[in-house]
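Structure record follows, encoded as C-alpha cells.
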Amino acid sequence: MLIGVVGAGSWGTTVANLLVQNGHQVKIWAREVEVVESINADHVNGVFLANCELDHRLVAVGEIGQAVKGVDLIVSAAPSHATRKVFELVQAEVGDERPVIVSISKGLEPETHYTMTHVISEMIPGAPVVALSGPSFAKEVFEQRPTAIVAASDDQNASGLVQQACSNGYFRVYTSSDPLGVQLGGALKNVVAIAAGILDGLDLGTNPRAALLTRGLAETTRLGEVLGADPHTFAGLAGMGDMLLTATGPLSRNRTLGIELAQGKTLDQIMNERRTVAEGVNTAKVANDLAIETGVELPIANEVEKILFENKSPKQAIRDLMERELKAERWW
C-alpha cells in the first residue's frame, strides 16, 4: 500500500520503518527540518530515535501534503494535544479522499476529553478510523522483539486492513470492536505509570507496586465502563498489558517522570529538560475532569494530578491513599 505517517517521534518513526519492512511504500512527515534531513541523508532519526538505522527505503518529507495525498492509509502519530491542529493540515490536503486512518497516539484531547479517533473523525468525516494500541516500547519494536497489540475500530474492514498491514513475524496485531476502551486503556495507564515511577523513586519496594497496578486497573475499568467501553477490554493487551509495561519498564517516559518527581524535581524542571512528550501529564487532568463529570472515583489519578500541578508531596499523597475509608474490594 501507499502509506503516509504523520509525526516522526520515536513511535511514529518505528511504525513507519516496520511498514516499509512489510513491503509498503511509506513517506513520513516531520515538522522538524533536522529530522527530515537526518532520515533522508543518514537513515536515522537523530532527534527522536538515535542510533537506530532505518530502512533506506523510508522517505521523510517536510510538506504534509507529500505524505498524505493519494495514499491508502494514513498513520497519525501526532501527540494528543496536537492531533486536531495536525489534522487541520491533513484535511486541507486530502480533499474528498477518504483513506483509512489509524491513530497510534496514546492520549486524550485536553480541551474536549475526546479520544484521538473521535478527533480525527471530526476532522475527516466519513474516513474509516482505527486505534492501534498496546504494550509496545518503540525501541523494542525497532529491535524486532516479539510484540502484540490491538487494532480497534467500529469498521471491521478497516481494523482488518491495519492488522494485515502491520503484522509480521515479530509484530502481532489483534482486532477489537471497542476503540473507546482500547484508547482509554492506552491513555489512562500513563497516569498509573507516573504513580509507579514515584513508588520506585521513593524505593518503596514491590508490594505497593502490585497494589497500585491492581487498583489502577480497577479505576480505569470503572471509568471506562461508565463512558461506554467494554470492561473486558481492560483485561487485555490495551489495558492490563500496556499498564504492566509502562508502569514497570525502564524505557517508559511516564514512569521516568514519576521517578524524577519522587527525587524532588518539579514538573516544570522535568519538562524543560526533555523534548519527548509524557502523555500522562495531560491525561491526569483529563481523567480527573471525567471523574467529576461522571461521578466515578479515581483516587490514584486524583493524587497524581495534585503531585503534578499542586506540588503535593508524593509521600503525603501515598499516606492519603492508604488512609482512605476502609471498604470491600470491588474489581470495578
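The values are calculated or read from the model by the stated rules, or taken from the named source; none is laboratory data. Because the structure is predicted, anything quoted here is derived from the model rather than measured. Ideal geometry is used to build each Cβ from the backbone, glycine not excepted, and the neighbour counts take in all protein chains shown.
Taking the criterion of being in contact with a helix residue (DSSP H, G or I) (Cβ under 9 Å, 6 or more places away or on another chain) and more than 18 Å from H232 (Cβ to Cβ), the residues of the stretch 156-171 that qualify are A165, C166, N168, Y170, F171. Within this structure, R84 fails the test of being surrounded by fewer than 16 Cβ atoms within 10 Å (Cβ to Cβ), at pLDDT 95 or above and either within 25 Å of G224 (Cβ to Cβ) or of a type in the set (K, R) (or both).
The set of residues in the stretch 74-112 that are of a type in the set (D, E, K, R), in a helix (DSSP H, G or I) and in contact with a helix residue (DSSP H, G or I) (Cβ under 6 Å, 6 or more places away or on another chain) comprises R84, E93. Is there a residue in the stretch 63-73 that is in a loop (DSSP other than H, G, I, E, B), more than 23 Å from Q144 (Cβ to Cβ), aliphatic (A, V, I, L, M) and at pLDDT 95 or above? The answer is yes, given that some residue of the stretch 63-73 is in a loop (DSSP other than H, G, I, E, B), more than 23 Å from Q144 (Cβ to Cβ), aliphatic (A, V, I, L, M) and at pLDDT 95 or above. Of the listed requirements (1) surrounded by fewer than 18 Cβ atoms within 10 Å (Cβ to Cβ); (2) touching a residue at least 24 places away in the same chain (Cβ under 8 Å), F234 misses just one: (1). Exactly one residue out of A92, A78, A60 is surrounded by fewer than 20 Cβ atoms within 10 Å (Cβ to Cβ), in the same structural domain as L161 (by TED's automatic domain parsing) and among the small types (G, A, S): that is A92. Screening the candidates D289, D268 for the property of being in contact (Cβ under 8 Å) with a residue 12 or more places away in the chain, among the charged types (D, E, K, R) and surrounded by fewer than 23 Cβ atoms within 10 Å (Cβ to Cβ) yields one hit, D289. If you go through the stretch 295-332 and keep only what is under 26 Å from E260 (Cβ atoms), among the β-branched types (V, I, T) and under 25 Å from the mean Cα position of the chain (by Cα), you end up with I300, V304, I307.
As a summary of the residue check, G65 satisfies the conditions (1) closer than 26 Å to Y114 by Cβ; (2) surrounded by 15 or more Cβ atoms within 10 Å (Cβ to Cβ); (3) within 23 Å of the chain's Cα centre (by Cα) except for the one numbered (3).
Matching residues to (1) within 25 Å of L251 (Cβ to Cβ); (2) under 15 Å from the mean Cα position of the chain (by Cα); (3) among the small types (G, A, S):
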{"residue": "L132", "(1), (2), (3)": "yes, yes, no"}
{"residue": "S136", "(1), (2), (3)": "yes, yes, yes"}
{"residue": "K139", "(1), (2), (3)": "yes, yes, no"}
{"residue": "T147", "(1), (2), (3)": "yes, no, no"}
{"residue": "S153", "(1), (2), (3)": "no, no, yes"}
{"residue": "Q164", "(1), (2), (3)": "no, no, no"}
{"residue": "N168", "(1), (2), (3)": "yes, no, no"}
{"residue": "R172", "(1), (2), (3)": "yes, no, no"}
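Checked against (1) in contact with a Phe, Trp or Tyr (Cβ under 7 Å, 6 or more places away or on another chain); (2) more than 28 Å from E143 (Cα to Cα); (3) not in a helix (DSSP H, G or I), C52 meets all criteria but (2). The set of residues in the stretch 182-225 being β-branched (V, I, T) and either surrounded by 24 or more Cβ atoms within 10 Å (Cβ to Cβ) or touching a Gly at 6+ places or on another chain (Cβ under 8 Å) (or both) consists of V182, V191, V192, I194, I198, T220, T221. Being in contact with a strand residue (DSSP E or B) (Cβ under 7 Å, 6 or more places away or on another chain) and closer than 18 Å to K27 by Cβ is true of V71. Residues considered: D203, D178, D154. Of these, the only one that is more than 29 Å from L54 (Cβ to Cβ) and in contact with a Ser or Thr (Cβ under 6 Å, 6 or more places away or on another chain) is D178. With respect to being surrounded by fewer than 23 Cβ atoms within 10 Å (Cβ to Cβ), of a type outside the set (G, A, S), within 23 Å of L49 (Cβ to Cβ) and out of contact with any strand residue (DSSP E or B) (no Cβ under 7 Å at 6 or more places or on another chain), E279 falls outside the description. Exactly one residue among L244, L261 is crowded, with 19+ Cβ neighbours inside 10 Å, in contact (Cβ under 8 Å) with a residue 24 or more places away in the chain and in contact with a helix residue (DSSP H, G or I) (Cβ under 9 Å, 6 or more places away or on another chain), and that residue is L261. Hey, does the stretch 261-278 have a residue that's outside any loop (DSSP other than H, G, I, E, B), at pLDDT 95 or above, under 19 Å from N207 (Cα atoms) and in the same structural domain as L204 (by TED's automatic domain parsing)? The answer is yes, given that some residue of the stretch 261-278 is outside any loop (DSSP other than H, G, I, E, B), at pLDDT 95 or above, under 19 Å from N207 (Cα atoms) and in the same structural domain as L204 (by TED's automatic domain parsing).
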